[in-house]
């Protein structure tokens, strides 16, 4: 009789930090319990069950006509209670500083006057909206979803997503699809509780005098790549999902046209692709024309606030360690990669001589678009990016290349290492930060792909946050 081979037999540990395996090939503690007694056949069976569950639930990603099934790998990513506690402290600190930055940049701009950040960083920044300072309410990133990666030195923050971080319902979809599939499951943080927290946050955004606010999610509808998530959020939060076509202003208040008549909208959770109310230059966007009156009159609150996207600027990200020191008088708990704002001549001079070891990014691109990874680029690619930077240095930043950690992932019938990242979610309400008890782990589909993005064909993993 042929002996049954453990599922981990033949796994080739990568040259990067592996989340599940030590360098000598031994499984890390939580993963020893996970894989105990699991062979290749049972692992494939689990994967089939997971994908069937997702299909039955209609979990998908992409715009109408290009929508595809959302892929979740059967092997969960495990974060210990001690690791999570450290992340929580760092995330709260970081978002607290970013909120201080937003309050400052739309008022006294002390961080610019102090020379901590170059004043010209606001020139042409597409998500800086001075009009937001006149709404009588602070510019807030109520929901933040930073992208974290880990290497052998620990976790680092690659980007801050403060406009409309996505993925919350995909974390829950992954949890529900994987739940009960493994012989041993740890005591996990309550992922579903995050949605009660979010519902409470949105209600707390109510304009003054509205005891029972009308709350709605703004979406493009079926044309949105995140349409599944918007619908799921509506059900989970028990609120309407509306499109701009459903909205109008009546007596200075925003209302939504529904089958049963007009419903007031006091709090708008903006998940549309329109994250500006003003056009670059002059004038209002179509959405801005619709919302400007209730925003100015204080009858409407938006989550996240229009204008919060200035903190998503990759050039601003370069200064976040200094930002934490400036506003909080604290040392950063979570570091960022060594970063260079190429619009800053001093930093550009440091970076230009070492582009072959840096990652060059356009300041405002999303989803890993147009990134050039210096150590993997050809001489021709490096010369092209050098010319682009020299022609308009203010449009680019550079970062050291981080060797993203890998995680065992089922590719065909074999476990193979794939690079992963982590998106936690930080809620701000009443001036306090709370880290939601869930996180989205994404994996890159192709071997050695360091750009982890759902828009580039990546998938997700259930993220087990172990309770102490």
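Assorted remarks:
- Taken over segment 397-432, residues that are part of a strand (DSSP E or B), in contact with a strand residue (DSSP E or B) (Cβ under 8 Å, 6 or more places away or on another chain) and surrounded by fewer than 19 Cβ atoms within 10 Å (Cβ to Cβ) amount to 3.
- Qualifying residue in segment 371-389 (condition: in contact (Cβ under 8 Å) with a residue 60 or more places away in the chain and in a loop (DSSP other than H, G, I, E, B)): yes
- Scanning segment 202-219 for residues that are more than 13 Å from residue 302 (Cβ to Cβ) and at pLDDT 90 or above yields 203, 204, 212, 214, 219.
- Strands (runs of 3 or more DSSP E) fully within segment 277-370 that include at least 2 residues being farther than 17 Å from residue 163 by Cα: 339-341, 358-362.
- Residue in segment 262-272 that is free of Cβ contacts under 8 Å to residues at least 40 places away in the same chain, in contact with a strand residue (DSSP E or B) (Cβ under 7 Å, 6 or more places away or on another chain) and farther than 19 Å from residue 131 by Cα present: yes
- Residue among 215, 178 that alone is over 29 Å from residue 313 (Cα atoms) and buried (at least 16 other Cβ atoms within 10 Å of the Cβ): 178
- Among (1) within 20 Å of the chain's Cα centre (by Cα); (2) in a loop (DSSP other than H, G, I, E, B); (3) surrounded by fewer than 19 Cβ atoms within 10 Å (Cβ to Cβ) - the single one residue 209 does not satisfy: (1)
- Residue within segment 353-369 that is in contact (Cβ under 8 Å) with a residue 24 or more places away in the chain, surrounded by 20 or more Cβ atoms within 10 Å (Cβ to Cβ), touching a helix residue (DSSP H, G or I) at 6+ places or on another chain (Cβ under 9 Å) and within 27 Å of residue 100 (Cβ to Cβ) present: yes
- Of the numbered criteria (1) over 18 Å from residue 184 (Cα atoms); (2) in a helix (DSSP H, G or I); (3) touching a strand residue (DSSP E or B) at 6+ places or on another chain (Cβ under 8 Å), the one residue 13 fails is (2).
- Spans of helices (runs of 4 or more DSSP H) in segment 22-140 with at least 1 residues under 22 Å from the mean Cα position of the chain (by Cα): 40-57, 81-105
- Scope segment 322-349; condition closer than 24 Å to residue 124 by Cβ, surrounded by 14 or more Cβ atoms within 10 Å (Cβ to Cβ) and either without any contact (Cβ under 8 Å) to a residue 24 or more places away in the chain or more than 23 Å from the chain's Cα centre (by Cα) (or both); matching residues: 326, 342, 343, 344, 347, 348
- Scanning segment 62-78 for residues that are under 12 Å from residue 443 (Cα atoms) and out of contact with any helix residue (DSSP H, G or I) (no Cβ under 7 Å at 6 or more places or on another chain) yields 71, 73, 75, 77.
- Restricting attention to segment 293-309, the residues that are more than 19 Å from the chain's Cα centre (by Cα) and in contact (Cβ under 8 Å) with a residue 60 or more places away in the chain add up to 6.
- Residue match in segment 112-134 (condition: modelled with pLDDT of 95 or more, crowded, with 21+ Cβ neighbours inside 10 Å and closer than 30 Å to residue 235 by Cα): no
- The residue list 69, 41, 7 contains one member that is modelled with pLDDT under 90 and crowded, with 19+ Cβ neighbours inside 10 Å, which is 7.
The values are calculated or read from the model by the stated rules, or taken from the named source; none is laboratory data. Nothing here was measured: the structure is a model prediction, and the numbers come from that model. A quick note on method: Cβ atoms are made from the backbone with ideal geometry, for glycine too, and the neighbour counts reach across all protein chains shown.
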